[in-house]
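The values are calculated or read from the model by the stated rules, or taken from the named source; none is laboratory data. Every value quoted in this text rests on a predicted model; they were computed, and no experiment measured them. Don't worry about glycine lacking a Cβ; one is built from the backbone with ideal geometry, like all the others, and counts go over all protein chains shown. Only protein heavy atoms, including side chains, enter the accessible area calculation; ligands, DNA and RNA are left aside. Shrake-Rupley method; radii C 1.70, N 1.55, O 1.52, S 1.80 Å.
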Amino acid sequence: MSAVKKKVLLALAGCAVGAVNGIFGGGGGMVVVPLLAGVGRKPPLVAHATAILVILPVCLASAAVYLWGGHFDAELFLAVGLGVLAGGFAGAKLLNAISPAAATIAFAAVMFAAGIRMIV
């Protein structure tokens, strides 16, 4: 695949990630990790870490739209936000401590469990 074609595919994938995140209020990482690993040919740990940085501006943009639309609960935000910060820090440290294969298996298991949970 040519470098230009790869960049175009990644840009289109970025649009899809932004749309998923905006529509569902999150979940863009579930789309971007496989895209970075597949289309971008990045190792799993790089794909996971890059996904976090890619999703940050998308989440900020989506959050602004939801906030301006009046879909915001400050008490819920504070309660969940503190846990997310702690979990994000711990998860980033853990990602550096596990093998790429373990990260891929764990990610697939979480995606599978989330899909099953949505069905039942």
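A few points about this structure:
- Each Cα pair under 8 Å and six or more residues apart adds its separation to the average, and for the chain the resulting relative contact order is 23 percent.
- Accessible area per residue in Å² at 1.4 Å probe, computed on region 1-50: 57
- Expected 222 nm ellipticity per residue - DSSP helices of 4 or more, -39500 (n - 2.57), all of the chain, to 500: -29500 deg cm²/dmol
- Acute angle (nearest 10 degrees) that the helix 100-119 long axis makes with the longest principal axis of the chain, alpha-carbon atoms: 50
- Taking 0.36 nm per residue of separation and subtracting the current Cα-Cα distance, fully stretching the chain between Phe112 and Leu12 would add 33.5 nm.
- Amide N of region 12-45 lying under 19 Å from the label point, which is placed 7 angstrom from the Cα of Ala102 along Cα→Cβ: 43-45
- Counting only protein heavy atoms and a probe of 1.4 Å, the accessible surface of the chain is 78% carbon and sulfur.
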